[in-house]
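Each value in this text was obtained by applying a stated rule to the coordinates, not by laboratory testing. From a predicted model like this one, the values you see are computed outputs, not experimental measurements. We place every Cβ from the backbone using ideal geometry, glycine too, and count neighbours over all the protein chains shown.
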Amino acid sequence: MRLHTAGFVTLANHWLVTYRGGEKVLAEFRRLFPSAPLASLVCKRGEIPEDILGARVITSPLQAVPGAWKYYKALLPLHPWAFGRLAAPVGTRLVLSSDAAMVKGLRLPEGARQVCYCHSPPRYLWDLQDDYTEGLGWFKRRVFDWTVPRARAFDHEAAQRVDRFIANSHFVAERIRRSYGRDAAVIYPPVAVDDFLPDRPSGDFYLLVTQLTPYKRADLAVTAFTRMGKKLVVIGEGSEFETLKKIAGPTVQLLGRQPFKIVKDHFERCRAFLYPQIEDFGITAVEAQAAGKPVIAFRAGGALETVIDGETGLFFDEQTPESLADAVRRFEQLAPSNRQLATSFSPAACRANAERFRPERFRAEIKAFLETHYPDLFASYHWPDR
């Protein structure tokens, strides 16, 4: 008998309050399992497309707290309790989770298994605590310091109950091994490369698109381009926005959050895309290449797996404004603007590299993974033809 619905599968996502990389992975899961229920810590309807949410959304007890969708990060001390009371429905035989927090700790029916697509072990628990507490007052820092050991213990225990891990990069697979002592397969996340045109002429400005939080290191780019007097456009919002405005010179524009139409236009017209942070994978670097533009990246993290040095971008070796500025100068020597990147860092090479990360490839690899490891569940499943 061929199964045409996925009632035996439950999807899970850490929280549903913005539409970013994790939710784009969830969107591809939904294409594979259109009828599966969805579990999450909290959900704000209107922020996530309804066709991704599906017919049934199961939330944790935090959903009942007024404004929880807005203040869920401040409620971190309650996350282990809330995730631990989030339950997949009876009849679930497999949970497929998209996680960068602790949704892997949800409760499963007896005999059910979980495949966790891990974007990262939670950085605020395992290796970037100082970045997350920078600027916090004494009381909030004490609460955070009290919370982390308990939350980390919950997260580690939850990871041991996961049947199989999939990492979004080899960099994350190593972090999973260090944090949880678990092995992980690697399946790169989906990137909507067809959203971008790769052949528009390059302008005279550089581009940075990122969340403006300390570990994203936008300060390196703003400082370097202010000193060099070169044009930089920064798109994004976050706790560092006002600080960056104070140090930005007249050649640096901070546009804040922008709709996709504006972001797309800047990707397609920039001279090169800047990537000063360490990312687990980093979808924006691939999006820039999909738009035919090279990437100037810090030599670490997921960028090493998505940028080809000397072909689709350049690396710099120190997270300092000086090192980034030197990379920009090297880039301009290799690709003068009047050549329109015709020889070095060609739009065709950038686009060809981005094609490796298409959504169709992601769905095919997830499907093959599930069929290989769970033939008892998927031998008779009728995969949607899309």
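Given the criterion on the phi < 0 side of the Ramachandran plot and in contact with a strand residue (DSSP E or B) (Cβ under 8 Å, 6 or more places away or on another chain), identify the matching residue among 243, 312.
312
Being part of a helix (DSSP H, G or I), under 22 Å from residue 90 (Cα atoms) and of a type in the set (Val, Ile, Thr) is the requirement here; does residue 58 meet it?
No.
If I ask for residues that are farther than 14 Å from residue 40 by Cβ, surrounded by 13 or more Cβ atoms within 10 Å (Cβ to Cβ) and in contact with a Pro (Cβ under 6 Å, 6 or more places away or on another chain), which ones from region 69-96 would you list?
Scanning region 69-96 gives a single hit, 92.
Taking region 18-48, which residues are in contact with a strand residue (DSSP E or B) (Cβ under 6 Å, 6 or more places away or on another chain), of a type in the set (A, V, I, L, M, F, W, C) and farther than 21 Å from residue 238 by Cβ?
Residues satisfying the conditions are 25, 26, 29, 33, 36, 38, 39, 43.
List pairs: first residue in region 257-275 and more than 14 Å from residue 287 (Cβ to Cβ), second residue surrounded by fewer than 18 Cβ atoms within 10 Å (Cβ to Cβ) anywhere in the structure, Cβ distance under 6 angstrom, at least six positions apart or on different chains.
Close Cβ pairs satisfying both conditions: 257/237.
Which fully enclosed helices (runs of 4 or more DSSP H) of region 284-376 have 2 or more residues being without any contact (Cβ under 8 Å) to a residue 12 or more places away in the chain and either more than 24 Å from the chain's Cα centre (by Cα) or surrounded by fewer than 17 Cβ atoms within 10 Å (Cβ to Cβ) (or both)?
Output list reads 321-334, 359-373.
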